[in-house]
Amino acid sequence: QVQLAESGGGLVKAGGSLRLSCAASGSSFMARAMGWYRQAPGKQRELVAAITSGGIVNYADFVEGRFTISRDNAKIAVYLQMNSLKPEDTAVYYCKIWCQSGNYWGQGTQVTVSS
C-alpha cells in the first residue's frame, strides 16, 4: 500500500507562485511515474503534469510553460512549481503515483488564485 502526502497549496494572487510537494510512503514499491491532476468545482479531474521514472515529462496545454514538474526518485517525491498563476488555476490539486501494484491518489491540496 502506498500513501501520498501533498503540501504547498494555498491562497495566492493572480501572477503569484506556489510550489506543490508530494511524498510517497509505504511498503516496498516501484514508482513508474508520478504526476499532478487538478479538479475544479463542476469539472472533471484533469492531468496537469506527469513525469516518469526516466524523467520524461508531459504537460497539459493550459500550463503554457508556467509550471515545472520535477521529481526525486530517491525519496519518491514529486514537485510542481507553478508560476504566473491565473484564477482559472483554482482547483484541488491531487498527486498521483503509477506503481506496478496499482495507481494511488493523494488527498489533494487546495490552490486558490484570486483576481
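The values are calculated or read from the model by the stated rules, or taken from the named source; none is laboratory data. The shown structure was predicted, so the numbers you read here are calculated from the model rather than taken from an experiment. Note: ideal-geometry Cβ built from the backbone for every residue, glycine included; neighbour counts use all protein chains shown. When the accessible area is computed, the model is the full protein with side chains, heavy atoms only, and any ligands, DNA or RNA have been set aside. Shrake-Rupley method; radii C 1.70, N 1.55, O 1.52, S 1.80 Å.
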Practice item. Determine which member of the set 42, 16, 35 is assigned to a loop (DSSP other than H, G, I, E, B) and closer than 16 Å to residue 81 by Cα. Key: 16
Exercise for review: Starting from residues that are within 18 Å of residue 23 (Cα to Cα) and aliphatic (A, V, I, L, M), keep the ones in the stretch 58-91 and report whichever is modelled with the lowest pLDDT.
Suggested key: 74
Point to revise | Single residue of the stretch 40-69 satisfying the filter (open to solvent by 40 Å² or more (accessible area, probe 1.4 Å) and within 22 Å of residue 28 (Cα to Cα)) that is nearest to the chain's Cα centre (by Cα) | key: 52
Exercise for review: Name the residue, out of 16, 9, 108, 26, that is touching a strand residue (DSSP E or B) at 6+ places or on another chain (Cβ under 8 Å) and at pLDDT below 95.
Suggested key: 26
Review point. When the stretch 21-32 is examined, which residues are found to be assigned to a loop (DSSP other than H, G, I, E, B) and open to solvent by less than 60 Å² (accessible area, probe 1.4 Å)?
Key: 29
Check your understanding: Could you list, in sequence order, the residues of the stretch 86-115 that are part of a loop (DSSP other than H, G, I, E, B) and open to solvent by 50 Å² or more (accessible area, probe 1.4 Å)?
Key -> 86, 100, 101, 107, 115
Revision key, fill the gap. Note on the stretch 70-84: residues in a loop (DSSP other than H, G, I, E, B) and either hydroxyl-bearing (Ser, Thr, Tyr) or buried (at least 19 other Cβ atoms within 10 Å of the Cβ) (or both) are 76, 84
Exercise for review: Search the stretch 7-20 for residues that are open to solvent by less than 30 Å² (accessible area, probe 1.4 Å) and pair each with any residue that is among the aromatic types (Phe, Trp, Tyr) and modelled with pLDDT of 95 or more when their beta-carbon atoms are under 7 Å apart and the residues are at least 6 apart or on different chains.
Suggested key: 20/36; 20/79; 20/93
Exercise for review: Return yes when residue 2 is of a type in the set (Val, Ile, Thr), farther than 18 Å from residue 65 by Cβ and out of contact with any helix residue (DSSP H, G or I) (no Cβ under 6 Å at 6 or more places or on another chain) and no when it is not.
Suggested key: yes
